[in-house]
Amino acid sequence: WTPPCREEVRALVIDGDPLHAADLARIAARSKQLDFTFSVRRRLPEDAAELLPGGYDLILLEYWYGTETCVPFLHALTALRGPPCVVLTGLDEPDIRRVVFRAGAEAFLSKDSLSPQALESVTLTVLRARRPERLALD
């Protein structure tokens, strides 16, 4: 028996709490379909354009950063046609979901109910929608 090939995904995690990024890495390591490589930032960049040369397939970001939300960043990155963004937050409220989707998020995950399967499903869906040839898993 040979384990299935895991598709590589380069993701940027933007979360002010380093423990949340570590939790995400532990969950992602249990993925059977995807091999995540994470880069981590604790703050949103001043200019979304600085992330474009990073070569990220996906950005996973928190909604709330103490004094600001990710909404302006989402608007800016969407206007630049940057990597797809998934909001990953403990603030799992319908109003927040609506706001981030309108701002350009392509998916939303609750930190409280995150599992390897949920992370895989959202990642595969978002990346296939952006670049159907990118993830052609059998």
- Task: Identify all residues within the range 1-14 that are touching a strand residue (DSSP E or B) at 6+ places or on another chain (Cβ under 7 Å) and either surrounded by fewer than 11 Cβ atoms within 10 Å (Cβ to Cβ) or not in a strand (DSSP E or B) (or both); write none if there are none.
- Result: 6
- By residue number, the members of the range 65-77 that are open to solvent by less than 40 Å² (accessible area, probe 1.4 Å) and assigned to a loop (DSSP other than H, G, I, E, B) are 65, 70
- Message: Condition first: of a type outside the set (Val, Ile, Thr), in a helix (DSSP H, G or I) and open to solvent by less than 70 Å² (accessible area, probe 1.4 Å). Now tell me which residues in the range 78-120 satisfy that.
- Response: 103, 111, 116, 118, 119, 120
- Hits in the range 19-41 (condition: touching a residue at least 60 places away in the same chain (Cβ under 8 Å), among the polar types (S, T, N, Q) and open to solvent by 70 Å² or more (accessible area, probe 1.4 Å)): 33
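Condition first: closer than 15 Å to residue 89 by Cα and either touching a residue at least 60 places away in the same chain (Cβ under 8 Å) or open to solvent by less than 80 Å² (accessible area, probe 1.4 Å) (or both). Now tell me which residues in the range 42-64 satisfy that.
Matches in the range 42-64: 44, 59, 60, 61, 62, 63.
The values are calculated or read from the model by the stated rules, or taken from the named source; none is laboratory data. Keep in mind that what you see is a predicted model, and the values were worked out from it rather than measured. Here the Cβ is made from the backbone with ideal geometry for all residues, glycine too, and neighbour counts use every protein chain on show. All accessible areas refer to the heavy atoms of the entire protein, side chains included, with ligands and DNA or RNA removed. Shrake-Rupley method; radii C 1.70, N 1.55, O 1.52, S 1.80 Å.
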